[in-house]
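Chemist: Let me begin by handing over the structure; questions about it come next.
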Amino acid sequence: MTSRRERNAPELRINIDSDTYLHTLTARDAPQLFALTDQNRLYLRKWLPWVDATQSVEDTLAFIQSTWTQYANNEGFSCGIWYKHQLAGTIGYHSIDWSNRKVEIGYWLAAVFQGKGIMTRSCRAMVVYAFDTLQLRKIEIRCAVGNHRSCAIPQRLGFRPEGLIRQAEWLYDHFVDLTVYAMLAHDWKQEV
Ligand SMILES: CC(C)(COP(=O)(O)OP(=O)(O)OC[C@H]1O[C@@H](n2cnc3c(N)ncnc32)[C@H](O)[C@@H]1OP(=O)(O)O)[C@@H](O)C(=O)NCCC(=O)NCCS
């Protein structure tokens, strides 16, 4: 079940607080991650385009393996979010644009883990890692117009809205517009 790439790439853990940490996903997480997706299918598919295509543990495993290929190719990584020893969701960098030292962050939480600040804290940790460890200079978060809980995360972290991309994402039977929120390394360092 474990690919050669996965064995070769180091696992990464980012501690957030005594209850919460991020850890790169591994093949052994696939059953748990699929179960979490399956239990939250209706809630997640409102805003995420990949839910209907995730029908089995093998689909989730293929996603996890793609995150390891991305990581092994130095294009960023995705992590599971663990809260009180339970898998609560995921957060990850989309492919890093090294030429422009820019990256986009994506995330989701299972419904029962909402309302505790888990994603705002996880996102803050990924922002710090991108600026301090990866030495990137710009981070974007794209949220569908109307996805208020998602938009609140970059807003809480001081990201600025930079514009609206019309009909940017197909969600099963309709397009949604996306607001682009961005943070520059320079502005982040002034805030913290
Ligand atoms: C988007 C999503 C991650 C937001 O989850 P969330 O729980 O609202 O976000 P956080 O974990 O940061 O929690 C913030 C909430 O916790 C509260 N909170 C408690 N302690 C907090 C703390 N220490 N810091 C920040 N917020 C805290 C906030 O007040 C806020 O609650 P409220 O909105 O009910 O007032 C979640 O709704 C989700 O996964 N949705 C489906 C998938 C999706 O839309 N993904 C994003 C696609 S762009």
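Chemist: Cut-off 10 angstrom, C-alpha nodes, Gaussian network model of the chain. Which of 133, 69, 20 fluctuates the most?
Modeler: Per the Cα network of the chain with a 10 Å cutoff, 133 tops the list.
Chemist: Something else now. Can you compute the modelled spin-label distance between residue 164 and residue 13, with each label point 7 Å from Cα toward Cβ, in nm?
Modeler: Distance between the two pseudo-spin positions: 4.5 nm.
Chemist: P(r) of the chain in 5 Å steps, Cα pairs, percent per bin?
Modeler: Going out from 0 Å in 5 Å bins, the chain shows 1, 7, 16, 19, 22, 19, 11, 4, 1, 0 percent.
Chemist: Continuing with this model, one more query. Summarise the accessible area of the stretch 4-137 (1.4 Å probe, protein heavy atoms) by the percent that is carbon and sulfur.
Modeler: Here it works out to 48 percent.
Chemist: Just to be sure I follow the rule: in the chain, considering lysines 8 or more places apart or on different chains, how many pairs have Cα atoms under 29 Å apart?
Modeler: 11
Chemist: When Rg is the radius of gyration of the Cα atoms in the stretch 50-123 and Rh is its Kirkwood radius, what does Rg/Rh come to? Can you show the working numbers first?
Modeler: Numbers: Rg = 13.5 Å, Rh = 13.6 Å.
Ratio of gyration radius to Kirkwood radius: 1.00.
Chemist: What translational diffusion coefficient, in µm²/s and rounded to a whole number, does the Stokes-Einstein relation yield for the stretch 139-183 at 20 °C and a viscosity of 1.002 mPa s, taking the hydrodynamic radius as the Kirkwood radius over Cα pairs?
Modeler: For the chosen part, D equals 203 µm²/s.
Chemist: Solvent-accessible area per residue for the stretch 5-130 at a 1.4 Å probe radius, Å²?
Modeler: 47
Chemist: Which of the peptides 111-120, 24-33 is most tightly packed, and how do the rest follow, judged by the mean count of other Cβ atoms within 10 Å per residue?
Modeler: Order by mean packing, descending: 24-33, 111-120.
Chemist: Given a cut-off of under 8 Å on Cα pairs at least six residues apart, what relative contact order in percent is computed for the chain?
Modeler: Numbers: 308 pairs, mean separation 32.6, N = 192.
It rounds to 17 percent for the chain.
The values are calculated or read from the model by the stated rules, or taken from the named source; none is laboratory data. The structure displayed is predicted, hence computed values, not measured ones. Virtual Cβ from ideal backbone geometry, glycine too; neighbours counted across all protein chains shown. For accessibility, only protein heavy atoms count, side chains too; no ligands or nucleic acids. Shrake-Rupley method; radii C 1.70, N 1.55, O 1.52, S 1.80 Å.
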